[in-house]
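These notes concern the structure reproduced below.
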Amino acid sequence: MNDAATDTHCPYCALQCGMGLRRTDGPVPVAVVERPGFPVNRGALCGKGANAAAVLAPGARLTTPLVRTGGELRPASWDEALDRIAGAVTATAAAHGRDAVGVFGGGGLTNEKAYLLGKFARVVLGTSAIDYNGRFCMSSAAAGGIRAFGLDRGLPFPVEDIPRAGCVILVGGNPAETMPPFVRYLRELQENGGKLVVVDPRRTRTAELADLHLAPRPGTDLALALGMLHLVVAEGRTDEAFIAGRTTGWAETRAAAMAHWPEHVESVTGVPLPHLREAVRLFCEAGTGMVLTARGPEQQAKGTDTVSAWINLCLATGNAGRLHAGYGCLTGQGNGQGGREHGQKADQLPGYRKLDDPAARAHVAAVWGVDPDALPAPGRSAYELLDSLGTDVRTLLLAGSNPVVSAPRSAHVTERLRSLDFLAVSDVVLSETAALADVVLPVTQWAEETGTMTNLEGRVILRRKAAEAPAGVRSDLEVLHALAGRLGHGEGFPTEPEKAFDELRRASAGGAADYAGISYERIEAEEGVFWPCPSADHPGTPRLFLDRFATPDGRARFTAVHHRPAGEEPDEEYPVRLTTGRVLAQYQSGAQTRRVAELNAAAPGAFVELHPRLAERLGVRDGEQVAVVSRRGRTVTPARLTTAIRPDTVFMPFHWPGAANANVHTNPALDPVSRMPEFKACAVRLERCEGG
Ligand code: SF4
């Protein structure tokens, strides 16, 4: 068979690269081909995207429901599996109340799924216990963006604007490994004469490209941003007209920054003062500047304040609300943006509305045909929800997430999952979390279904179905419809994605993330539509804030912030900082990519990266097994020696389970605003394993 390719998008990260899928006659039903017309990646794909079809192979995925009997998972019919779930939900709610039934979603789910999952929790289950793994991704950036601009959209400008800035400061992001096609925008920036400053404790592949690399100690980039703002003020580089005309709160923020002396910042961060001055010079003399953050500054127990510190730097220098300048966040998960807009977050309703806002409740309740007073209150954040499993929450329905690998303090979270009365998991593969479930539902995946995603620019795109799902597999929308029916809600859960999207549009209308004017037809015709798009004749909004910010008075808000130590600082017992992150060939918890031979060959397993000086002190050679020990557990992985990391810091990627899982160590200290756990900084010690 050799028909025309179907235009669609990659199943993985938030860049949502365009690709074509051409049908084949082989066991893998489609092959990935280039789609040069999509403007974001212009045909380029990384290895994950290029090999994405492999996860559609029959042997790589689940094709029948599984139920646990006598301690073992065995194949079952859909009716048996769904009846078991409905029975467990009913029994738990009757015995322990509605909030004892929890829902955990994912930032990779389509907009339609995220929307209906939130509606299912609030309307069918009547539970407040819903949150999703996106809380672990960019929730601090979202909170910081709302605090400053009144609105959170990952990038308030399209990626094509990045090369037109004079200087970009990239803080705690490594797109050369996480989203390689994005790197072309950084290269084009430099080709245009712009400067790239990378802030990262490691000299990553992205940092290698930088004109200036600053390598602060993990957890100290808030101090770094304060030091830069101090120098901006001290050197008379503020944009007073912008501050006076378009912002509020400068006096307090200025005072906070001036309390952080650059010499003190140097000692806290480990970044030499001349480098700090050079970063300020590059940023302020560029004409237009952007600050882009990623998980480094955001995944901290002070993540929101850290984001605010970088936004303050933008505002003080007039680099916001104008062309080719501003603050943005490089969202991570495929639908990290859309996933946080449609109501699967503990405190939100569709349209990025607040669940505790009476007007928002009334609007959404009218679309859903329910009493606004019947909608539950805001619930617990993701880690708090996982931590309550087996005690407050007794039955959990989980879709599109693998917290056994990806949650902080993962061994504890695994224990909590095991302590549940009942766990149901919808997934494509038997992930480490699905393997613990009482019922596993095999669901369709990206190329087997149609649905919308919202990429890191706020561009709503359409993933089109390109292959038939194997027999025995159903879509998440069919699962929700079937469960809702069994629980007394025969209406309101459409199985056709476009119908679900049309309802989502109505629910979002008038909200911050307004999709009312976006249709499947328009997305197809326009290569995506940027929200907000309130009506069919509205062009969409690629660039936000050019005239006014989304605050009540139209001004951006400074927030005075101060540095504070990480939740866990090195001490005598645990003298080394651990930071975690990603590698090029694996994606998130690795549930899909660890099943792809080409990707596994490139990145077969976990490791701990350490500086040769630290290795020498421990007597460890490259490739030898090393135990990493924290207050939360112990892992054993090979040592990888490199001078690209600070001697006081070690790094572990988090894609692998079990004794190699980096999240065994990560600290669930939570940011007070975003409830983000502190993935990026904790204290460990290293031990050489006997026998090397
Ligand atoms: Fe897929 Fe992201 Fe790679 Fe693009 S950069 S091909 S979206 S994983």
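Would you point out which residue out of L462, L456 is within 26 Å of L330 (Cβ to Cβ), touching a Cys at 6+ places or on another chain (Cβ under 9 Å) and touching a residue at least 60 places away in the same chain (Cβ under 8 Å)?
Numbers: L462 fails: touching a Cys at 6+ places or on another chain (Cβ under 9 Å).
Testing whether each residue is within 26 Å of L330 (Cβ to Cβ), touching a Cys at 6+ places or on another chain (Cβ under 9 Å) and touching a residue at least 60 places away in the same chain (Cβ under 8 Å) leaves just L456.
P36 - would you say it is surrounded by fewer than 17 Cβ atoms within 10 Å (Cβ to Cβ), modelled with pLDDT under 95 and not hydrophobic (A, V, I, L, M, F, W, C)?
On the way: surrounded by fewer than 17 Cβ atoms within 10 Å (Cβ to Cβ): yes; modelled with pLDDT under 95: yes; not hydrophobic (A, V, I, L, M, F, W, C): yes.
Yes; evaluated as a whole, the condition is true for this residue.
In the stretch 290-305, which residue that is touching a His at 6+ places or on another chain (Cβ under 9 Å) and under 17 Å from L226 (Cβ atoms) is surrounded by the most Cβ atoms within 10 Å (Cβ to Cβ)?
As a first pass, look at the stretch 290-305 and keep what is touching a His at 6+ places or on another chain (Cβ under 9 Å): 290, 302, 305.
Adding the requirement that they be under 17 Å from L226 (Cβ atoms) leaves 302, 305.
Details: K302: 29, D305: 26.
So, considering only residues that are touching a His at 6+ places or on another chain (Cβ under 9 Å) and under 17 Å from L226 (Cβ atoms), the one surrounded by the most Cβ atoms within 10 Å (Cβ to Cβ) is K302.
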Quiz item: Mind checking which residues of the stretch 495-542 are within 27 Å of A359 (Cα to Cα), of a type in the set (D, E, K, R) and within 26 Å of the chain's Cα centre (by Cα)?
Solution: E498, D502, E503, R505, R506, D514
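Would you please name the residue that is nearest to the ligand (Cβ to nearest atom), looking only at residues in the stretch 6-26 that are surrounded by fewer than 22 Cβ atoms within 10 Å (Cβ to Cβ) and without any contact (Cβ under 8 Å) to a residue 40 or more places away in the chain? Walk me through it before giving the result.
Residues of the stretch 6-26 that are surrounded by fewer than 22 Cβ atoms within 10 Å (Cβ to Cβ), as a first pass: 6-7, 20, 22-26.
Still in the running and without any contact (Cβ under 8 Å) to a residue 40 or more places away in the chain: 20, 22, 24-26.
Values: G20: 13, R22: 17, T24: 19, D25: 25, G26: 22 Å.
Checking each candidate, the answer is G20.
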Self-check item: Residue satisfying condition, being surrounded by fewer than 24 Cβ atoms within 10 Å (Cβ to Cβ), out of contact with any strand residue (DSSP E or B) (no Cβ under 9 Å at 6 or more places or on another chain), closer than 15 Å to V576 by Cα and modelled with pLDDT of 95 or more, within set R613, R634
Solution: R613
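Considering only strands (runs of 3 or more DSSP E) fully contained in the stretch 517-631, which possess at least 1 residues that are touching a residue at least 24 places away in the same chain (Cβ under 8 Å) and in contact with a helix residue (DSSP H, G or I) (Cβ under 7 Å, 6 or more places away or on another chain)?
Values: elements: 576-581, 608-610, 625-630.
The qualifying strands (runs of 3 or more DSSP E) are 576-581.
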Quiz item: Applying the selection to the stretch 42-64, what residues are near the ligand (Cβ under 9 Å from one of its atoms) and out of contact with any Ser or Thr (no Cβ under 7 Å at 6 or more places or on another chain)?
Solution: A44, L45, C46, G47, G49, A50, A52
Quiz prompt | Residue list for the stretch 176-203, filter: crowded, with 22+ Cβ neighbours inside 10 Å and part of a loop (DSSP other than H, G, I, E, B) | solution = M179, G194, D200, P201
Quiz item: For H230, which of the numbered conditions (1) in contact (Cβ under 8 Å) with a residue 60 or more places away in the chain; (2) over 30 Å from T643 (Cβ atoms); (3) in contact with a helix residue (DSSP H, G or I) (Cβ under 8 Å, 6 or more places away or on another chain) fails to hold?
Solution: (1)
Practice problem: Would you be able to say whether some residue in the stretch 380-395 is among the acidic types (D, E), surrounded by fewer than 24 Cβ atoms within 10 Å (Cβ to Cβ), closer than 27 Å to Q586 by Cβ and at pLDDT 95 or above? | Solution: yes
Practice problem: Inspect all residues belonging to the stretch 161-175 and state whether any of them is in the same structural domain as S308 (by TED's automatic domain parsing), over 20 Å from Y587 (Cβ atoms), assigned to a helix (DSSP H, G or I) and within 16 Å of the ligand (Cβ to nearest atom). | Solution: yes
Quiz item: What number of residues in the stretch 533-579 are out of contact with any Pro (no Cβ under 7 Å at 6 or more places or on another chain) and among the β-branched types (V, I, T)?
Solution: 3
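Could you count how many residues in the stretch 669-685 are part of a strand (DSSP E or B) and buried (at least 23 other Cβ atoms within 10 Å of the Cβ)?
Here is the first cut: in the stretch 669-685, the residues part of a strand (DSSP E or B) are 669-670, 677-678, 682-685.
Pick out the ones that are also buried (at least 23 other Cβ atoms within 10 Å of the Cβ) and you get 677-678, 682, 684.
Of the residues in the stretch 669-685, 4 are part of a strand (DSSP E or B) and buried (at least 23 other Cβ atoms within 10 Å of the Cβ).
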Quiz item: Does G70 meet the test of being outside the structural domain of V159 (by TED's automatic domain parsing), over 22 Å from the mean Cα position of the chain (by Cα) and within 16 Å of the ligand (Cβ to nearest atom)?
Solution: no
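Starting from residues that are more than 23 Å from the chain's Cα centre (by Cα) and in a loop (DSSP other than H, G, I, E, B), keep the ones in the stretch 27-41 and report whichever is farthest from the ligand (Cβ to nearest atom).
Going residue by residue through the stretch 27-41, those that are more than 23 Å from the chain's Cα centre (by Cα) are 27-37.
Okay, now just the ones that are also in a loop (DSSP other than H, G, I, E, B), so 27-29, 34-37.
Values: P27: 22, V28: 17, P29: 19, E34: 11, R35: 11, P36: 14, G37: 15 Å.
Top of the filtered list is P27.
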Practice problem: Write out, first by first residue and then by second, each pair whose Cβ atoms fall under 7 Å of each other, whose residues are 6+ apart or on separate chains, and whose first residue, in the stretch 208-223, is in the same structural domain as E278 (by TED's automatic domain parsing) and hydroxyl-bearing (S, T, Y) while the second is assigned to a helix (DSSP H, G or I) and crowded, with 24+ Cβ neighbours inside 10 Å. | Solution: T220/T269
Exercise. Return yes when Y515 is among the aromatic types (F, W, Y), surrounded by fewer than 24 Cβ atoms within 10 Å (Cβ to Cβ), over 27 Å from A81 (Cβ atoms) and at pLDDT 95 or above and no when it is not.
Key: no
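If a residue must be outside any strand (DSSP E or B), buried (at least 18 other Cβ atoms within 10 Å of the Cβ) and of a type in the set (A, V, I, L, M, F, W, C), how many such residues does the stretch 62-85 contain?
Here is the first cut: in the stretch 62-85, the residues outside any strand (DSSP E or B) are 62-65, 70-71, 76-85.
Subset that is buried (at least 18 other Cβ atoms within 10 Å of the Cβ): 62, 65, 76, 81-82, 84-85.
Cutting the leftovers down to of a type in the set (A, V, I, L, M, F, W, C) gives us 62, 76, 81-82, 85.
Going through the stretch 62-85 one residue at a time, the tally reaches 5.
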Quiz prompt | Checklist (1) outside any helix (DSSP H, G or I); (2) more than 23 Å from F558 (Cβ to Cβ) applied to S267, failing item | solution = (1)
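The values are calculated or read from the model by the stated rules, or taken from the named source; none is laboratory data. Just so it is clear, the structure is predicted and the values come from calculations on it, not from any experiment. Cβ atoms come from the backbone with ideal geometry, glycine included; neighbour counts cover every protein chain shown.
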